[in-house]
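The values are calculated or read from the model by the stated rules, or taken from the named source; none is laboratory data. Everything numeric here is computed off the predicted structure, so don't read it as measured data. Because the Cβ atoms are built from the backbone with ideal geometry, glycine has one as well, and the counts that use them run over all protein chains shown. Each accessible area value is taken on the protein alone, full model and side chains, heavy atoms only, with ligands, DNA and RNA left out. Shrake-Rupley method; radii C 1.70, N 1.55, O 1.52, S 1.80 Å.
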Amino acid sequence: MATPPPAVKVYGPALSTAVSRVLACLNEKDIPFQLIPLNMSKGEHKNPHFLKIHVCNTYYTSLVHSTLSLILINCVCVLLLSHTHILIILNSFQPFGQVPAFQDDHISLFESRAICRYVCEKHGGEKGNKQLYGTNPLAKASIDQWLEAEGQSFNPPSSTLVFQLAFAPRMKIKQDEGAIRQNKEKLKKVLDVYDKRLAETRYLAGDEFTLADLSHLPNIHYLVSSSDHEDTAALFTSERENVSRWWTEISTRQSWKNVIDLYPKP
C-alpha cells in the first residue's frame, strides 16, 4: 500500500523568506510536509483549489515572454519575464494575498509567524524541539517579545536590504544606494541591541533555541550570502561578537540546512 502524502502542505517556493521560515519550523518539530511550489507560467495561481486556500489572487499585465521565474520576498510576488519584464503581482485575496499558504488537513492558515506558532502549539512536547515555543507562560512571553522585535524592528530594514542586495541584481534592477545606506544604519542599531542581549543569554529569548531565533534565519541568510556587499555580511559575522556567535549557532542547525537544500541550485 502506498504511503499517503503528508497532511501538512506548504504552498510557495522555498526561496521565499516567509516560506523558508515555516519550513524551518516544521523541520525543528519533525513534522513531515509537502512543499508545493507555485508555477505561475502554468496558471496555477488561478486554480480554484489554490485560491480556496488563500494563496494568491493576481492582477497582471499581458505576458510577452514565455520564460518565467518566481521570487517571493516578504509576501510580495515578483515575476521576472526573460529578465526584461517585471510584474508586481498584487495579491487581493486571503485577505492580504500573502504567502505561504498552509494546510493541515482541513485547516488553512496564512502569515508565516502565525503558522509557526500554530505548529508549535499543536504539537507542543510531542514532537521535535520541545522548547521552540516555550513550555510555560513566561517562556512564551519572552519568545513573543523577541518575535515582535524581529517583526517590527529587524524585519523592515533587513527586508529592504534583502531586496536591494540579493534580488535587485538578479532582476537587473538598479540598486537604490540611498535605501541601502539608510537601512544599514537602521539595522546596525537593532543589532547593537541584539548584541547586548546575546551577551547575557545564549539565544534571544534565553538559553534555548526558539522561534525568536528561527524567525531571523531567512533574511540573515540572504544578507550574509550577498557577496557584493561584504560589509553587510560583516554585521552578522565579525562586527559584533555575540551576534556573530549567535548567527553561527543558529545557521548551522540541521533544520535550517535542510531548508537550504530545497533552494534551487544555481
Going through segment 167-193 in order, the residues found to be part of a helix (DSSP H, G or I) and either open to solvent by less than 10 Å² (accessible area, probe 1.4 Å) or on the phi > 0 side of the Ramachandran plot (or both) are F167, I180, L187, L191
Selection over segment 218-241 where residues are open to solvent by 10 Å² or more (accessible area, probe 1.4 Å) and either at positive phi or β-branched (V, I, T) (or both) yields a count of 2
Flagged pairs (Cβ under 7 angstrom, 6 or more apart or on separate chains; first in segment 147-158, closer than 17 Å to A205 by Cα; second crowded, with 16+ Cβ neighbours inside 10 Å and among the hydroxyl-bearing types (S, T, Y)) are L147/S215; E150/S215
Residue count, segment 1-49, condition farther than 23 Å from G134 by Cα, at pLDDT 90 or above and in a helix (DSSP H, G or I), comes to 1
Looking at this structure, is K196 open to solvent by 10 Å² or more (accessible area, probe 1.4 Å) and on the phi > 0 side of the Ramachandran plot? no
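Filter segment 110-144 for residues that are assigned to a helix (DSSP H, G or I), of a type in the set (S, T, Y) and surrounded by fewer than 20 Cβ atoms within 10 Å (Cβ to Cβ) and give the result. Step through it out loud before you land on a result.
If we filter segment 110-144 for residues that are assigned to a helix (DSSP H, G or I), which is where we start, we get 112-123, 137-144.
Cutting the leftovers down to of a type in the set (S, T, Y) gives us 112, 118, 142.
Y118, S142 - these are the residues of segment 110-144 that are assigned to a helix (DSSP H, G or I), of a type in the set (S, T, Y) and surrounded by fewer than 20 Cβ atoms within 10 Å (Cβ to Cβ).
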Here the residues within segment 242-266 that are under 23 Å from L191 (Cα atoms), open to solvent by 50 Å² or more (accessible area, probe 1.4 Å) and either touching a Leu at 6+ places or on another chain (Cβ under 9 Å) or in contact (Cβ under 8 Å) with a residue 60 or more places away in the chain (or both) are R245, R253
(1) touching a His at 6+ places or on another chain (Cβ under 8 Å); (2) on the phi > 0 side of the Ramachandran plot all hold for G206 apart from (1)
